Every structure is written in structure tokens, then in C-alpha cells.
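Scroll down for the structure; my scribbles are underneath it.
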Amino acid sequence: MSDLQELLENHQIKRTITWSEDGETKTKEVVLQEPDARTATQIIDKMAGANNTMYFGDAMGLILDNNVVVNPKLSFADLNKNLPKEDAQKSVELTNADGRKVTLYMKFPDYRQAFNILMFAQKTVDGHGKKLDWDWFNDHQKGYGLTMEAMKQAIDFISDVLNKEGVFATLLEAFQLSAKQITRVR
């Protein structure tokens, strides 16, 4: 049986994904498996929760746990375990509104939380694994005048890690396939 026949019989789809990493455009082939209707509905439900709350990390977890991504085989446990230490943390020196230099320490939480953080920037964690201290940004504290810059730096950091090896692009493609499963008109 040819590779193409095997893909078709197993409802698998080969896709070329493209992403940007370190200022360079990269591509790779991935193999996705269309989820069943129940799984696809659960994935979409995580993105349309109560009070407009989106649980992107949980949706990506369902994609991984239900083998929507066939190749490369991905799991949150493996992604977390294989994240190089140099990619797991970053520090940035900023100048606050009072002209004082401060250092912003960032630590990658884990992949599931990182996907949620992209949707809810207010849940950013600091380099010590604690929630962000909002008082740090108040008048004449170290973070005074840096709220937007700190958020931008944190989101850029998390996005850079999620984009490595095309992980985010692969999971986004799998999410789109899941959405098509329940909305397809034949």
C-alpha cells in the first residue's frame, strides 16, 4: 500500500506548515488525523467557554491527547521535558517612567499554561513561578510606566518558545482541522 493510500484510509492529512523562528521562515511536513465528532466538539468547547473564557491550553491538550497530530508525535510532557534551559527563561533590562533601570525576569511556565497566557496576558507568571505582582507597576514602584512593555516582553518570550520547532503552527493547524470536522458542509 502506498503512503498516500494509507494516509487516505486512515483519514490522515499531510500538511506543510510555515512559521517564523529567530527571524527566519521555516517549514515542515506534518501528518494530522481528523478527530471524531465528539473530540472535535470538546476541543471547540474549550475555546468557547462560559463568560467568553477560552481555555486554549486545554484545547491543545485535547488535540495532543487524542492524536490529532500524528507526526511529529507531541505531548505536553515531552515538550516540557525537552525544552532547553536557555529557552525556559529570559531577562530583559527596561527603564521605568522614573528613569530607573529594572530587570524583568521571565520564566516559561509550561506549554499548557503558555497557551492560556497567550489568551489571558493577565495570568503572566514571573521568574519565580509566582503570579505577576501588579503592585510592581504602581506609581513610583520599579515597574512604574512599564505595564505595556512588560506584557509585550512576556508575550514575545512565550510566543518565541511556542514557535520553536513549529509547535504552535502544528497545533494551530490541528485545531483548524478539528473545527472543520464539526462545521464541514458536504
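Can we say A40 is over 18 Å from the mean Cα position of the chain (by Cα), modelled with pLDDT under 90 and under 12 Å from F175 (Cβ atoms)? Before the answer, list the steps.
On the way: over 18 Å from the mean Cα position of the chain (by Cα): yes; modelled with pLDDT under 90: yes; under 12 Å from F175 (Cβ atoms): yes.
When the stated conditions are applied, A40 passes them.
What number of residues in segment 7-37 are modelled with pLDDT under 70, of a type outside the set (A, V, I, L, M, F, W, C) and within 21 Å of L74 (Cα to Cα)? Please lay out each step first, then the result.
Our first condition is that a residue be modelled with pLDDT under 70; within segment 7-37, this holds for 7-10.
Restricting the remaining residues to those that are of a type outside the set (A, V, I, L, M, F, W, C) gives 9-10.
Among the residues that remain, those that are also within 21 Å of L74 (Cα to Cα) are: 10.
Count: 1.
Please specify each residue of segment 56-78 satisfying the condition of being farther than 9 Å from F115 by Cβ and touching a residue at least 40 places away in the same chain (Cβ under 8 Å). So that I can check it myself, show each step before the final result.
In the first step, residues of segment 56-78 are kept if they are farther than 9 Å from F115 by Cβ; the result is 62-78.
Passing the criteria: I63, L64, V68, V69, V70, N71, P72, L74.
What about F175, is it modelled with pLDDT under 90 and either within 26 Å of L74 (Cα to Cα) or not assigned by TED's automatic domain parsing to the domain that holds Q12 (or both)? Before you say what the answer is, go through the steps one by one.
Working: modelled with pLDDT under 90: yes; either within 26 Å of L74 (Cα to Cα) or not assigned by TED's automatic domain parsing to the domain that holds Q12 (or both): yes.
Yes; evaluated as a whole, the condition is true for this residue.
Does segment 64-73 contain at least one residue that is among the acidic types (D, E), surrounded by fewer than 16 Cβ atoms within 10 Å (Cβ to Cβ) and either farther than 19 Å from N163 by Cβ or out of contact with any Lys or Arg (no Cβ under 7 Å at 6 or more places or on another chain) (or both)?
Of all residues in segment 64-73, those among the acidic types (D, E) come to 65.
Narrowing further to those that are surrounded by fewer than 16 Cβ atoms within 10 Å (Cβ to Cβ): 65.
Of the ones still in play, those that are also either farther than 19 Å from N163 by Cβ or out of contact with any Lys or Arg (no Cβ under 7 Å at 6 or more places or on another chain) (or both) are 65.
Yes: segment 64-73 contains one or more residues that are among the acidic types (D, E), surrounded by fewer than 16 Cβ atoms within 10 Å (Cβ to Cβ) and either farther than 19 Å from N163 by Cβ or out of contact with any Lys or Arg (no Cβ under 7 Å at 6 or more places or on another chain) (or both).
Can you list the helices (runs of 4 or more DSSP H) lying wholly within segment 73-134 that have 1 or more residues being modelled with pLDDT under 90 and not assigned by TED's automatic domain parsing to the domain that holds V31?
Details: elements: 76-82, 85-88, 111-119.
In segment 73-134, the matching helices (runs of 4 or more DSSP H) lie at 111-119.
Restricting to segment 74-100, name every residue that is within 21 Å of V30 (Cβ to Cβ) and in contact with a Leu (Cβ under 9 Å, 6 or more places away or on another chain).
Listed by number, the residues that qualify are L74, S75, F76, L79.
Of the residues in segment 74-94, how many are surrounded by fewer than 16 Cβ atoms within 10 Å (Cβ to Cβ), under 23 Å from L104 (Cβ atoms) and charged (D, E, K, R)?
Result for segment 74-94: 4.
Per-residue answers, yes or no, for (1) on the phi > 0 side of the Ramachandran plot; (2) free of Cβ contacts under 8 Å to residues at least 40 places away in the same chain; (3) in a helix (DSSP H, G or I); (4) of a type in the set (D, E, K, R):
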site	(1), (2), (3), (4)
K142	no, no, no, yes
M148	no, yes, yes, no
K152	no, yes, yes, yes
I158	no, no, yes, no
L162	no, no, yes, no
T170	no, no, yes, no
F175	no, no, yes, no
A179	no, no, yes, no
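Is it the case that I44 is in contact with a Ser or Thr (Cβ under 9 Å, 6 or more places away or on another chain), buried (at least 19 other Cβ atoms within 10 Å of the Cβ), assigned to a helix (DSSP H, G or I) and not assigned by TED's automatic domain parsing to the domain that holds N116? Steps first, answer last, please.
Values: in contact with a Ser or Thr (Cβ under 9 Å, 6 or more places away or on another chain): yes; buried (at least 19 other Cβ atoms within 10 Å of the Cβ): no; assigned to a helix (DSSP H, G or I): yes; not assigned by TED's automatic domain parsing to the domain that holds N116: yes.
Answer is no for this residue.
Is segment 46-55 home to any residue that is in contact with an Asp or Glu (Cβ under 8 Å, 6 or more places away or on another chain) and either within 14 Å of T170 (Cβ to Cβ) or of a type in the set (F, W, Y) (or both)?
Kept after step one, since they are in contact with an Asp or Glu (Cβ under 8 Å, 6 or more places away or on another chain), are these residues of segment 46-55: 46.
If we keep only those that are either within 14 Å of T170 (Cβ to Cβ) or of a type in the set (F, W, Y) (or both) too, we end up with none.
No, there is no match, as no residue in segment 46-55 is in contact with an Asp or Glu (Cβ under 8 Å, 6 or more places away or on another chain) and either within 14 Å of T170 (Cβ to Cβ) or of a type in the set (F, W, Y) (or both).
The values are calculated or read from the model by the stated rules, or taken from the named source; none is laboratory data. Note that the structure is a prediction, hence the values are computed from the model and not measured. Please note: Cβ atoms are built from the backbone with ideal geometry, for glycine as well, and neighbour counts cover all protein chains shown.
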